[in-house]
Amino acid sequence: MTRPPYETPTAADIAAVSEQLGREARGVVGIAARSADGAPAVVATAPRLPDGSPFPTFYYLCHPEAVAGASRLEAVGMMNEFNEMLANDEELRAQYERAHEQYIEDRDSVGAVAELAGISAGGMPTRVKCLHALIGHALAAGPGVNPIGDIALERAGLTGFRG
């Protein structure tokens with residue numbers, strides 16, 4: 001198994017992410033995507049935080065513009081439409097299942113945590129629950145990996161972001 005492609009964070013990256021989040025960034029192991037201006041957009045987070053808590057969200061969306069875009073889609077109930085799409089499209093479901101498996105593989109490459117076995121993020125593999133997580137995964141993994149994350153990126157108008 002190879003490590004997912006992300007950059008080792010610098011002290012400046014950690015400071016920028018902490019400022020974006022409005023709190024100290026915890027467990028950051030990499031910068032998985034950046035905005036067009038180079039600011040961190042998605043961090044790769046250790047599956048076990050420094051305080052010992054399991055943390056399933058390996059790809060954590062941190063850039064304020066991207067977070068706002070995901071929030072806007074969630075506020076209008078876009079998850080319902082995406083869940084209907086999953087229910088009615090066998091190929092989409094299969095792609096989403098593969099995204100779930102890849103997400104777990106990426107996280108496990110940093111460290112397997114028994115409490116998280118089989119759990120990814122965002123509702124994968126059977127439903128759409130959190131667009132922040134799915135957009136974070138799509139940005140980190142690149143186009144064509146997480147189909148719902150890709151659609152959400154487009155619908156949110158988030159251009160200038162990619163891993």
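The values are calculated or read from the model by the stated rules, or taken from the named source; none is laboratory data. Note that the structure is predicted; figures quoted are calculated from it, not measured. So basically every Cβ, Gly included, is an ideal-geometry build from the backbone, and we count neighbours across all protein chains shown.
Checking the conditions here, which among Ala99, Ala152, Ala121, Ala94 is among the hydrophobic types (A, V, I, L, M, F, W, C), touching a Ser or Thr at 6+ places or on another chain (Cβ under 9 Å) and over 20 Å from Val28 (Cβ atoms)? Show your work before the answer.
On the way: Ala152 fails: touching a Ser or Thr at 6+ places or on another chain (Cβ under 9 Å); Ala121 fails: over 20 Å from Val28 (Cβ atoms); Ala94 fails: touching a Ser or Thr at 6+ places or on another chain (Cβ under 9 Å).
Of Ala99, Ala152, Ala121, Ala94, the one residue that is among the hydrophobic types (A, V, I, L, M, F, W, C), touching a Ser or Thr at 6+ places or on another chain (Cβ under 9 Å) and over 20 Å from Val28 (Cβ atoms) is Ala99.
So, Gly118, is that one assigned to a loop (DSSP other than H, G, I, E, B) and either under 16 Å from Leu86 (Cα atoms) or free of Cβ contacts under 8 Å to residues at least 12 places away in the same chain (or both) or not?
On the way: assigned to a loop (DSSP other than H, G, I, E, B): yes; either under 16 Å from Leu86 (Cα atoms) or free of Cβ contacts under 8 Å to residues at least 12 places away in the same chain (or both): no.
So Gly118 does not fit the description; no.
Within segment 40-53, track down each residue that is surrounded by 19 or more Cβ atoms within 10 Å (Cβ to Cβ) and touching a Pro at 6+ places or on another chain (Cβ under 9 Å).
Residues satisfying the conditions are Pro40, Val43, Ala44, Pro47.
So, in segment 1-27, exactly how many residues are surrounded by fewer than 20 Cβ atoms within 10 Å (Cβ to Cβ) and either in contact with a His (Cβ under 6 Å, 6 or more places away or on another chain) or among the β-branched types (Val, Ile, Thr) (or both)?
Qualifying residue count, segment 1-27: 4.
Working carefully through the options Ala112, Ala141, Ala152, find the one that is among the hydrophobic types (A, V, I, L, M, F, W, C) and at pLDDT 95 or above. Reasoning before the result, please.
Values: Ala112 fails: at pLDDT 95 or above; Ala141 fails: at pLDDT 95 or above.
Of Ala112, Ala141, Ala152, the one residue that is among the hydrophobic types (A, V, I, L, M, F, W, C) and at pLDDT 95 or above is Ala152.
Can you tell me which residue within segment 128-143, out of those that are part of a loop (DSSP other than H, G, I, E, B) and among the hydrophobic types (A, V, I, L, M, F, W, C), is nearest to the chain's Cα centre (by Cα)?
Within segment 128-143, the subset part of a loop (DSSP other than H, G, I, E, B) is 128-130, 142-143.
Subset that is among the hydrophobic types (A, V, I, L, M, F, W, C): 128, 130.
Numbers: Val128: 13, Cys130: 9 Å.
That would be Cys130.
Applying the selection to segment 95-115, what residues are among the aliphatic types (A, V, I, L, M) and free of Cβ contacts under 8 Å to residues at least 60 places away in the same chain? Don't jump to the end; show me each part of the working.
Going residue by residue through segment 95-115, those that are among the aliphatic types (A, V, I, L, M) are 99, 104, 110, 112-114.
Once the filter is applied, which keeps residues that are among the aliphatic types (A, V, I, L, M) and free of Cβ contacts under 8 Å to residues at least 60 places away in the same chain, segment 95-115 yields Ala99, Ile104, Ala114.
Can you tell which of Gly149, Gly160 is of a type outside the set (Val, Ile, Thr) and either touching a Leu at 6+ places or on another chain (Cβ under 8 Å) or over 19 Å from Ala32 (Cβ atoms) (or both)? Give the derivation first.
On the way: Gly160 fails: either touching a Leu at 6+ places or on another chain (Cβ under 8 Å) or over 19 Å from Ala32 (Cβ atoms) (or both).
Answer to the check: Gly149.
Do you know which of the residues in segment 28-39 that are within 18 Å of Gln102 (Cα to Cα) and free of Cβ contacts under 8 Å to residues at least 40 places away in the same chain is surrounded by the fewest Cβ atoms within 10 Å (Cβ to Cβ)?
Step one: list which residues in segment 28-39 are within 18 Å of Gln102 (Cα to Cα), which gives 29-33.
Next, from what is left, pick out any that are free of Cβ contacts under 8 Å to residues at least 40 places away in the same chain: 30-31.
Values: Gly30: 22, Ile31: 25.
It comes out as Gly30.
Go through segment 98-137 residue by residue and tally those that are crowded, with 16+ Cβ neighbours inside 10 Å, over 18 Å from Ser71 (Cα atoms) and in contact with a strand residue (DSSP E or B) (Cβ under 7 Å, 6 or more places away or on another chain).
Residues that pass the stated criteria total 3.
With the condition kept exactly as written, say whether any residue in segment 149-163 is surrounded by fewer than 16 Cβ atoms within 10 Å (Cβ to Cβ) and under 19 Å from Phe58 (Cβ atoms). If you could, list the steps in order and put the result at the bottom.
Residues of segment 149-163 that are surrounded by fewer than 16 Cβ atoms within 10 Å (Cβ to Cβ), as a first pass: 154, 157, 159-160.
Those left that are additionally under 19 Å from Phe58 (Cβ atoms): none.
Taking every residue of segment 149-163 in turn, none turns out to be surrounded by fewer than 16 Cβ atoms within 10 Å (Cβ to Cβ) and under 19 Å from Phe58 (Cβ atoms).
Kindly indicate whether any position in segment 80-100 is of a type in the set (Ser, Thr, Tyr) and over 15 Å from Ala152 (Cβ atoms).
Looking only at segment 80-100, we keep the residues that are of a type in the set (Ser, Thr, Tyr), and these are 96.
When the remaining residues are screened for being over 15 Å from Ala152 (Cβ atoms), the result is none.
Scanning segment 80-100 turns up no residue that is of a type in the set (Ser, Thr, Tyr) and over 15 Å from Ala152 (Cβ atoms).
Condition check ((1) of a type in the set (A, V, I, L, M, F, W, C); (2) under 18 Å from Val145 (Cα atoms); (3) at pLDDT 95 or above) across all residues:
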residue	(1), (2), (3)
Arg3	no, yes, no
Val42	yes, yes, yes
Leu49	yes, no, yes
Leu86	yes, yes, yes
Tyr96	no, yes, yes
